[in-house]
Amino acid sequence: MRKALRWLLAFTVLISTLSTAAGAATAAGSEPTDIKDRLLSIPGMSLIQEKPYPGYRYFVLDYTQPIDHRHPGRGTFQQRITVLHKDTSRPTVFYTSGYNVSTTPSRSEPTRITDGNQVSLEYRYFTPSRPEPADWSKLDIWQAASDQHRVYRALKAVYSANWLATGGSKGGMTATYYERFYPRDMDGVVAYVAPDDVVNKEDSAYDRFFARVGTEECRDRLNAVQREALVRRAPLEKKYAEYAAGKGYTFDTVGSLDRAYEAVVLDYVWGFWQYSLLKDCDTIPADAATAGDEEIWASIDTISGFSAYTDQGLAQYTPYYYQAGTQLGAPTIHFPHIDKRLVRYGYQPPRTYVPRSIPMRFQPGAMRDVDTWVRHHATHMIFVYGQNDPWGAERFHVGAGARDSYVFTAPGLNHGANVAGLVPAQKDLATARILKWAGATPAAVAQAEPLATYDARLDGRDVEREPALRP
């Protein structure tokens, strides 16, 4: 009898064990294994398009986000993201330009260095990632950082290796703000050409920059063309009116064609140094006083763009100008080479470029808070600037409280400065730190070389070019 009971008990345990194992196997078998299915199993994630690319899977997706992360029950919107998938075992780079997201496959520099995956996020309120109707008070750096935090939390279960945040210009600012508000999310940050306008009304650093950038000959050429465009205001504005009429451009937001014309002209010198190199000075008219109207027009249009301050040119960038006028700040510079009688408006504030139906109020403490945090708490952060980029005149600094964080300047480079453009010792250090933070092997860290080979289609794009005075 006792033997029979022992046999019955053993049989019961065996059946229980087999049932548990079978249940586990069934559960495991029900979990998606294809990366597309894994991504789409995330609540709120939907597929817009999958595009083929050799060696990768590339997805354009929408992700449901709260309009207000403090009150998630008060409405949602769809935020556009893309995923350049390499392998779930590889590190992941979280990229944003701070503007619209491109839906063409591309790699940021840290993605190539780490041979990783890349998740790219469209900044909130850039279309199509804009709530309707839009409550503009919910467009701020904390809400945007919370968008990134929520995407990271959703994707971390899929991409469980190390994560790095990156971006250039406004995207570099975005990566920095994300680190400030959610410092435990990322294993490292690489912020390219990120402005740091701590005190909005104190911009003398820009005046000092323009007084010594490049060579005297180049500065004189640029200044002369800019001045001549204001001297010839009447005939060139007539040409501008014809140009605008032909394109169907209007000037309701900025207020007038005259105001838009001056804004474009005053952007000229800034725009040259932002996107050109010293060697490009040869393309600037050598003698502005004797140059024809068409030559002056063409030079200004090529560098500044006469469409920039039309209603049609401004519409895409309303979220940027709103943020510049509420938290980020905006530069103001002076023009000592131009007779004051020729300048009617000067550098105009962001309020000029935002429809009056959108209320704005500047918050002076926002950038001071981020700047203080970076100086005293930055950990695993790299800031890269270009020597000849005007946006680098006001930049981030790391202080005694920062740990394993660096600020580098690429000699002779502009707003497209990168790690590859640094002097060799700094390039090796930055590359090694990026690899270390990404969890690369000690051998790879010691070699300090990108783990992925160069791909002209993925890696050959310059920093996204925006009209001047937009970082």
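The values are calculated or read from the model by the stated rules, or taken from the named source; none is laboratory data. Quick caveat: nothing in here was measured; it's all calculated off a predicted structure. Virtual Cβ from ideal backbone geometry, glycine too; neighbours counted across all protein chains shown. Side chains included, ligands, DNA and RNA excluded: accessible areas come from the protein's heavy atoms. Shrake-Rupley method; radii C 1.70, N 1.55, O 1.52, S 1.80 Å.
Odds and ends about this structure:
- Contact map, the range 329-342: first residue within 12 Å of Gln226 (Cβ to Cβ) and of a type in the set (Val, Ile, Thr), second residue open to solvent by 60 Å² or more (accessible area, probe 1.4 Å) and outside any loop (DSSP other than H, G, I, E, B), Cβ cut-off under 9 Å, separation 6 or more or different chains; pairs are Ile338/Arg227.
- All positions within the range 58-83 that are β-branched (Val, Ile, Thr), open to solvent by 10 Å² or more (accessible area, probe 1.4 Å) and under 22 Å from Asn117 (Cβ atoms): Thr64
- Among residues of the range 106-131, those that are of a type in the set (Lys, Arg), part of a loop (DSSP other than H, G, I, E, B) and either touching a Gly at 6+ places or on another chain (Cβ under 6 Å) or open to solvent by 50 Å² or more (accessible area, probe 1.4 Å) (or both), counted: 1
- Residue, least open to solvent (accessible area, probe 1.4 Å), within the range 275-299, restricted to residues that are hydrophobic (A, V, I, L, M, F, W, C) and under 20 Å from Trp391 (Cα atoms): Cys281
Here is a yes/no grid of residues against (1) over 26 Å from Lys170 (Cα atoms); (2) in a helix (DSSP H, G or I); (3) in contact with a His (Cβ under 8 Å, 6 or more places away or on another chain):
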residue: Val199; (1), (2), (3): no, no, no
residue: Glu202; (1), (2), (3): no, no, no
residue: Arg219; (1), (2), (3): yes, yes, no
residue: Glu228; (1), (2), (3): yes, yes, no
residue: Pro235; (1), (2), (3): yes, yes, no
residue: Ala244; (1), (2), (3): yes, yes, no
residue: Thr250; (1), (2), (3): yes, no, no
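- Subset of the range 300-331 that is of a type in the set (Phe, Trp, Tyr) and under 21 Å from Pro131 (Cα atoms) - its residue that is surrounded by the fewest Cβ atoms within 10 Å (Cβ to Cβ): Tyr317
- Boolean, Thr372 is polar (S, T, N, Q), open to solvent by 30 Å² or more (accessible area, probe 1.4 Å) and assigned to a loop (DSSP other than H, G, I, E, B): no
- Enumeration of residues in the range 88-105 that are closer than 18 Å to Leu39 by Cβ, assigned to a loop (DSSP other than H, G, I, E, B) and touching a helix residue (DSSP H, G or I) at 6+ places or on another chain (Cβ under 8 Å): Thr88, Arg90, Pro91, Pro105
- Residue match in the range 418-430 (condition: open to solvent by less than 70 Å² (accessible area, probe 1.4 Å), among the charged types (D, E, K, R) and within 16 Å of Val189 (Cα to Cα)): no
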